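Below you'll find the structure, written out as structure tokens, and then a few comments.
Throughout, read-outs are computed from the coordinates displayed, never taken from laboratory work. From a predicted model like this one, the values you see are computed outputs, not experimental measurements. Please note: Cβ atoms are built from the backbone with ideal geometry, for glycine as well, and neighbour counts cover all protein chains shown.
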Amino acid sequence: MRIGFFGAANGVTGSCYLVETSSGNLLIDCGLFQENRMCSTANAADFGFDPSSVNAICITHAHVDHHGRLPRLFAQGAWAPIFSTAPTRDLCELILEDAFTIMQEEVERCHVEPLYREEDVERVLRQWRTVAYRDAVEVLDGVRITLFNSGHILGSAFVLVEAEGQRVVFSGDVGNDDVPILPATDALPMKLDVVVCESTYGNRLHSPTKDRLQKLKAFVSRVVSRKGVLMIPAFSVERTQELLFDLNLLVERDGLELDRVYLDSPLGIGATHLYEKYREELDLKFPPGFSDDDFFQFRGLEITETVQESKRINDAPTPKVIIAGAGMMDAGRIQHHLVRYLDDANNGLLIIGYQAEGTLGRQIQDGESPVYIMDYSVDVRCEIEKIDSYSAHADFDKLTRWLKEGRPKKVVLTHGDTGAKTAFQEHLERQGLARPETPSQGDWITIQ
């Protein structure tokens, strides 16, 4: 068995790993490089392997940096069954349709050729098969996959691949501790030859999740007291739902006065409906003595799905809170709100997710001003707060515990910036694990 690394090897986004066996080729994830999104030359580049040689595909979860190049793969000759959990399949359908709309807008701005056609999205969805957690499925002759709950987002999984006497786990994205709406991450299986592990926060320790509700309340209250506008760029899947859950608690339990909260994200609205559909997959951790069947709704929340509804937010009086995508601020309705409100010191911007290098969100987080949004140069004057305990990714402490309990023979680190991977590599070696490998884009590792 060999593993080729064709994404998320030199950075965080674009996860794509090819497992080569004597029975055929299994692709684990096929994600979009999110630096410059559809305009990125990396997304238009060759995959590094022949797409038509892929015999089966497994998608770990529904974030676009793990599945967003699937239509491109099919446009270039792939025609293989795709396996994931049922929630992941439904979420991916929403996101791929949204991504196609964004691509049409961005190719005009960047003057580049489209990565794929709408028919390619439809072909991808026709090839999808769903798998339950912990059910071993033979995807090729003598090649089995088993999905385990990674606790990252609804339907997310890490995948055990068994072939040719080898047992290899691909972590996908491992979830944070104590997420209020998701089950805990499943333990690693034992007797593993290799774990290909993400390292997004390989050099970071998150603030305790239990503290974030009060941090959220404090920042919301500050901006509201100034009669300002609070912008919250949120990933449509998981971050938006966790934020709604917490705001529900603050309004319905703690009595926080919020007259105008706008969920201004069509994709986030659709994803929230799927969270409600798959409620049995969630683990809602309500405080003692409090329960709420309508856990993503609260007084003052307004859903703005259409463009006209979104535009009416501009005329609404302050104070107001706007939750909008995209989470890294590099696309979507959040950009319009940033142009309008970023330069006012009375306003606030709450960052609750990872901001990849090269994105608008990273520029703002790093203190750049002015920033360029669409065709505008915008000064950054509003108050900026970051609550990293909203991260859906495990920090280095959680990842260390997870790996040490499984005791794999070898760890391979991907899905991290260079600094995070190097720091985590050295940390794991100090913890008694064999020094992890850190392959580069296009590298192969042979598993013996």
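The aspartates and glutamates within cross-link reach of LYS320, meaning a Cα-to-Cα straight distance under 13 Å and a gap of 8 or more places when in the same chain, are GLU257, ASP259, ASP264, GLU302. Centre-to-centre, using Cα atoms only, the stretch 40-108 and the stretch 376-448 are separated by 24 Å. For PHE83, the residues 5 or more places off, or on other chains, whose built amide H falls under 5 Å of its own are ILE57, CYS58, ILE59, ARG129. Where both bridge residues fall in the stretch 209-390, DSSP classifies roughly 15% of the beta bridges as antiparallel. Cβ-Cβ distance of ALA316 and ASP211, R₀ of 41 Å, FRET efficiency by 1/(1 + (r/R0)^6): the value works out to about 0.85.
Compare the peptides 64-73, 116-125 by average per-residue count of other Cβ atoms within 10 angstrom and give them in order, highest first.
Numbers: 64-73: 26.3, 116-125: 17.1.
Listed from highest to lowest mean packing, they are 64-73, 116-125.
By the count of other C-beta atoms within 10 Å, a proxy for reagent exposure, ARG401, ARG212, ARG109 are ordered fewest to most as ARG109, ARG401, ARG212.
Dividing the summed helix terms, -39500 (n - 2.57) for each DSSP H run of n ≥ 4, by the number of residues in the chain produces a 222 nm estimate of -8500 deg cm²/dmol to the nearest 500. The alpha-carbon atoms of the stretch 209-390, seen along their principal axes, cover 48, 33, 31 angstrom, with the largest extent given first.
The share of Cα pairs per 5 Å bin across the stretch 178-304, counted from zero up to the longest distance, runs 2, 8, 17, 21, 19, 15, 9, 5, 3, 2, 1, 0 percent. Size descriptor for the stretch 39-163, Kirkwood hydrodynamic radius: 15.2 Å (Cα pairs only, one decimal).
The listed peptides 380-387, 77-84, ordered by packing as a protection proxy, come out as 77-84, 380-387 (highest mean of other Cβ atoms within 10 Å first). Unpaired Cys in the chain, meaning no second Cys C-beta under 4.7 Å: CYS16, CYS30, CYS58, CYS92, CYS197, CYS382.
Pairs from the table (LYS285/LYS404; LYS386/LYS409; LYS227/LYS277; LYS277/LYS386; LYS215/LYS398) lying more than 29 angstrom apart at Cα are LYS386/LYS409; LYS227/LYS277; LYS277/LYS386.
In plain terms, the C-alpha convex hull of the chain casts an average shadow of 19.8 nm² when viewed from every direction.
When the GluC sites (Glu not before Pro) in the stretch 229-270 are filtered for DSSP coil states and for at most 16 other beta-carbon atoms within 10 Å of their beta-carbon, the remaining sites are GLU257.
Taking the Cα centre of the chain as reference, the dipole from Cβ charges on Lys and Arg (+1) and Asp and Glu (-1) amounts to some 880 debye. Shape summary: the stretch 343-448 maps onto an equivalent ellipsoid whose semi-axes, from the alpha-carbon gyration tensor, are 37, 17, 10 Å in decreasing order. Per residue, the average separation of C-alpha pairs within less than 8 Å and at least 6 apart gives the chain a relative contact order of 20 percent.
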